[in-house]
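See below for the structure under consideration.
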Amino acid sequence: MRRITREIRGTRLTAWRDPGRRPPVVCVHGAGVSSREFLPFLEALAPHHDAWAVDLPGFGASQDPSYGSEQPLGLRALADSLDDWLAAADLDPAVLLGSSFGCQVAVDFTVRRPERVAALVLVGPTVDPAARGFLHQVLRWARNAPHERPSMAPLNIADYRDAGPRRVAGAFAESLRDRVEDKLPHVPVPALVVRGAQDRMVPQEWAEEATRLLPAGRLAVVPRAGHMVPYRQPDALADLVRDFLTHALDPEAGAHTDGLPEAGRAAR
């Protein structure tokens with residue numbers, strides 16, 4: 001796996017790549033964290049696709065262009081930086097795979113720049129409109145924590161340390177302000193929604209509603225996984241993504257099956 005750093009508009013952005021065949025799959029991390037949680041998934045996906053994970057500005061190993069300003073970058077600015085990075089890396093079109101808040105960044109980008117996106121994978125998409133509030137989210141996070149791998153805790157601590165409290169709080173605030181449900185109907189590319197069966201941040205009802213809102217959406221549920229499916233079940237997610245892309249990007253293959261493994265299928 002290679003670490004790749006590029007300077008874009010005066011800001012150093014870092015990504016990790018495990019090479020494979022096209023189309024490239026570019027992973028976008030959640031609020032306050034970084035690409036660390038994606039690394040097991042990149043290794044699982046690389047035999048099938050060119051696998052990337054990008055640290056958004058101010059998170060992980062990437063620089064923060066808003067340093068010294070009163071406010072960290074908002075959601076749209078984060079999506080714009082992803083746009084710049086994809087162009088610099090010549091990944092056009094790419095499959096975007098968002099996790100948690102990364103889904104919101106990926107959806108915003110896709111709605112505004114659909115020609116740059118081949119397909120979309122939304123893993124644990126936030127925020128459930130029925131729980132759009134800080135206290136609701138904290139309580140759901142606490143209920144979800146027992147369903148994550150204990151080894152993820154030190155990764156989260158390192159991520160929060162790297163980002164700092166201002167950027168972490170800003171990202172969570174952006175996730176609560178963003179009405180992703182208003183954007184989902186305008187996503188013009190094939191999309192797969194993935195939910196961990198034990199995810200307490202994204203209940204089944206919201207995952208089904210998010211899928212219904214997508215013009216070309218389908219839903220898969222991964223057993224024995226909480227909110228962070230890429231870290232808890234990287235092989236299962238890689239299988240789902242591989243099969244989804246095989247059929248979503250090949251109309252003839254999709255003519256006879258929905259393209260998802262039987263264990264991962266769920267009704268829309």
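The values are calculated or read from the model by the stated rules, or taken from the named source; none is laboratory data. These numbers were taken from a predicted model, which means no experiment stands behind them. Every residue, glycine as well, gets a Cβ built from its backbone with ideal geometry; the counts of neighbours run over all protein chains shown. These accessible areas exclude ligands, DNA and RNA; they are computed on the full protein's heavy atoms, side chains included. Shrake-Rupley method; radii C 1.70, N 1.55, O 1.52, S 1.80 Å.
In the range 79-90, what residues are touching a strand residue (DSSP E or B) at 6+ places or on another chain (Cβ under 6 Å) and either farther than 13 Å from LEU56 by Cβ or assigned to a strand (DSSP E or B) (or both)?
If the condition is that a residue be touching a strand residue (DSSP E or B) at 6+ places or on another chain (Cβ under 6 Å) and either farther than 13 Å from LEU56 by Cβ or assigned to a strand (DSSP E or B) (or both), then ALA88 is the only one that fits.
What is the residue count in the range 39-58 for residues that are more than 17 Å from CYS103 (Cα to Cα), out of contact with any Gly (no Cβ under 7 Å at 6 or more places or on another chain) and assigned to a loop (DSSP other than H, G, I, E, B)?
Counting residues in the range 39-58 that are more than 17 Å from CYS103 (Cα to Cα), out of contact with any Gly (no Cβ under 7 Å at 6 or more places or on another chain) and assigned to a loop (DSSP other than H, G, I, E, B) gives 1.
Quick one: how many residues across the range 202-220 are touching a Leu at 6+ places or on another chain (Cβ under 7 Å), open to solvent by less than 50 Å² (accessible area, probe 1.4 Å) and under 10 Å from LEU192 (Cβ atoms)?
Of the range 202-220, the ones touching a Leu at 6+ places or on another chain (Cβ under 7 Å) are 207-208, 210-211, 213-214, 218, 220.
Filter again for open to solvent by less than 50 Å² (accessible area, probe 1.4 Å), leaving 207, 210-211, 213-214, 220.
Next cut, under 10 Å from LEU192 (Cβ atoms) only: 211, 214, 220.
Within the range 202-220, residues that are touching a Leu at 6+ places or on another chain (Cβ under 7 Å), open to solvent by less than 50 Å² (accessible area, probe 1.4 Å) and under 10 Å from LEU192 (Cβ atoms) number 3.
Residues ARG76, ARG6: which one is in a helix (DSSP H, G or I), open to solvent by 50 Å² or more (accessible area, probe 1.4 Å) and in contact with a helix residue (DSSP H, G or I) (Cβ under 7 Å, 6 or more places away or on another chain)?
Working: ARG6 fails: in a helix (DSSP H, G or I).
After ruling out the rest, the residue left standing is ARG76.
Only one residue in PRO125, PRO150 is over 18 Å from the mean Cα position of the chain (by Cα), in a loop (DSSP other than H, G, I, E, B) and at pLDDT 90 or above. Which one?
Working: PRO125 fails: over 18 Å from the mean Cα position of the chain (by Cα).
After applying the criteria, what remains is PRO150.
Answer with yes or no whether ALA118 is surrounded by 14 or more Cβ atoms within 10 Å (Cβ to Cβ) and over 30 Å from ALA248 (Cα atoms). Spell out how you get there, then give the answer.
Details: surrounded by 14 or more Cβ atoms within 10 Å (Cβ to Cβ): yes; over 30 Å from ALA248 (Cα atoms): no.
For ALA118, the condition - surrounded by 14 or more Cβ atoms within 10 Å (Cβ to Cβ) and over 30 Å from ALA248 (Cα atoms) - is not met.
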